[in-house]
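Engineer: Before I ask anything, here is the structure I am working with.
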Amino acid sequence: MKHLKKLAGCLLALVMILTMSNVAVVNAANGTNNNSGTITINDAIEGHTYNAYQILVLESYNTDKGAYAYKANPDWADWLANQKQYVSIDDQGYVTWVKDADAAAFAKAALAHAEESSINPIKTVKADGTTVNFTDLNLGYYLVDTTVGTLCSLNTTTPNVIMEEKNEIPPVDKKVQEDSTGNWEEENTAEIGDTVKFKTTITAKKGAESYVLHDVMSDGLTLNGDSIKVQVNGANLATANYTIKTSGLTDDCDFEITFAQSYLDTITADTDIVVTYSAVVNENAVVYDDANTNKTKLTFGEDNRDETTWDETKTYTFKVDVAKTDGENKVLDGAQFKLYDAKTGGNEIVLVQVNQGVDGAYRLAKEGETGVEYITTKDGQLEIKGFDANTNYYLEETKAPDGYNKLAERVEIAVKEANLDATVSNNTWQSGGVHIVNNTGSLLPGTGGMGTTVLYMAGGVLVIAAGALLIFRRRMHTDR
């Protein structure tokens, strides 16, 4: 028999529903009685569907003697005849339970048969609160399941059955690693080109059915498909137990992991399935306050129509504004810079133009990318995006604006957990960002050219005038 594709939820019960009288008689041919049976489920999970299937018809019973006479519901008769490890059927069609048979295994097999044979439940109720009630039931042996997706045990009573829902939606917990500390958290910071590590933990439940893990990354993250690893108790899970799909998906997922039902059937207690993988922060990364997100959910239940809520991590990266001005804070263009990771020496950081051919906006390069020869301002402003938090870089001015003095040393860029935003208005730097000032000197005198000739001529005129004045005074003295 093929594996159950339906996420059966909690196989809550194989239950006997009895009447309130000491003896009730049921017509085995048509399965009718006085419709006095009820099943009540407490602690139901709101929004999930509960189904009740009648497998056996209760022909008569005596509670004082503990005597019950069952016959097969016609829809189940052929299948029951082959379930000899669980039940035996005599020549008159009466059904009895095989001693020490596994009731949970029988319930699971019965649910699989109902799915494959398209047997409809007698009653279906969708929980709109914490209690589910099945009423007006013919008395008999019932199988109750839910789309929650895990097995549980139950009691049998007459004429009414009260069951406690013991199921939980399988939790999914997602974390991202902060590389500066190694801690797994809900948020981290990184720079463009960095590889970021993620971890998703599924707490699988006993009787798990049809688990499929879905993972979606925002445009600023690129999945490393080969990095996906599935582990249980610190050891790699055999690849035969799951299938990874990273292409051909139609639901916007970056990858999906489908767990083999044969493996899920072996889970008998809460089991943590840990999925780890990585992604690269790429050129489409958004900068703080926006986040580059990675979210995960688990689908399960009947036809995978039930699912956990999305669990999401956020990866932040930051930008720096540079304002280039003169001594009066008026913006300047024409300077050229390179970025380094040290005050002196160090490594040059490769930068790429955000918009090819347009100055003023750059980003950190990914591995293998070729950067620009230098970066320069537009309208006195320069933006560089893609920085990690708590990092220090240094801008070196390799060419100053014409007529201005080149900076003598590199300028530090200290990135914390926020952008370094600059405010510029009316071509004047107001505040913030990284403010770089270039000064200029006044025009100095030189030798040669027209300027020297003028000086010589002025000197000659003065000498002639002085001589004329001397001669004039001597003549005046002689005349006296």
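Engineer: Considering only DSSP states other than H, G, I, E and B, which trypsin sites (Lys or Arg not before Pro) in the range 300-345 qualify as loop sites with at most 14 other Cβ atoms within 10 Å?
Structural biologist: Here the sparse-neighbourhood loop sites are Arg305, Lys343.
Engineer: Given a 1.4 Å probe and heavy atoms of the protein chains only, how would you sort Val274, Val144, largest accessible area at the top?
Structural biologist: I get Val274, Val144, largest accessible area first.
Engineer: Now for a separate question. Normalise the Debye intensity by I(0) for the range 296-364, one equal point scatterer per Cα, no solvent, then take log10 at q = 0.14, 0.18, 0.23 Å⁻¹ and round to two decimals.
Structural biologist: -0.68, -0.91, -1.17
Engineer: Summing +1 for each Lys or Arg and -1 for each Asp or Glu, what net charge is found among the other residues whose Cβ lies under 11 Å from the Cβ of Glu397?
Structural biologist: Neighbour charge sum, excluding Glu397 itself: +3.
Engineer: How far, in nm, would the chain grow between Asn62 and Trp97 when pulled straight, counting 0.36 nm per residue and subtracting the alpha carbon separation?
Structural biologist: Working it through step by step, the gained length comes to 10.9 nm.
Engineer: If the chain between Thr181 and Val354 were fully stretched, how many nm would it gain, using 0.36 nm times the residue separation less the Cα-Cα distance?
Structural biologist: Working: separation 173, 0.36 × 173 = 62.28 nm, distance 3.05 nm.
Length gained between Thr181 and Val354: 59.2 nm.
Engineer: For Lys71, go through the lysines and keep the ones whose alpha-carbon is under 25 Å away, minus same-chain ones fewer than eight residues off.
Structural biologist: Lys84, Lys99, Lys108, Lys123
Engineer: Using only C-alpha positions, report the orientation-averaged shadow area of the convex hull of the range 181-250, nm², one decimal.
Structural biologist: Average projection, Cα convex hull of the range 181-250: 6.8 nm².
Engineer: Need one number: nm distance between label points at Thr250 and Asp402, each 7 Å from Cα along Cα→Cβ, rounded to one decimal.
Structural biologist: 6.3 nm
Engineer: List the GluC sites (Glu not before Pro) within the range 312-371 that DSSP assigns to loop and that have no more than 11 neighbouring Cβ atoms inside 10 Å.
Structural biologist: On the way: sites: Glu312, Glu328, Glu348, Glu367, Glu369; in loops: Glu328, Glu367, Glu369.
For GluC sites (Glu not before Pro) across the range 312-371 that sit outside H, G, I, E and B with at most 11 neighbouring Cβ atoms in 10 Å, the list reads Glu328, Glu367.
Engineer: Continuing with the same structure: Please identify every one of the GluC sites (Glu not before Pro) in the range 42-145 that sits in a loop by DSSP and has no more than 13 other beta carbons within 10 Å of its own beta carbon.
Structural biologist: Glu46
The values are calculated or read from the model by the stated rules, or taken from the named source; none is laboratory data. Computed from a predicted model, the values in this text were never measured in an experiment. Heads up, the Cβs are rebuilt from the backbone with ideal geometry, glycines too, and the neighbour counts pull from every protein chain shown. Keep in mind that these areas ignore ligands, DNA and RNA; they rest on the heavy atoms of the full protein, side chains included. Shrake-Rupley method; radii C 1.70, N 1.55, O 1.52, S 1.80 Å.
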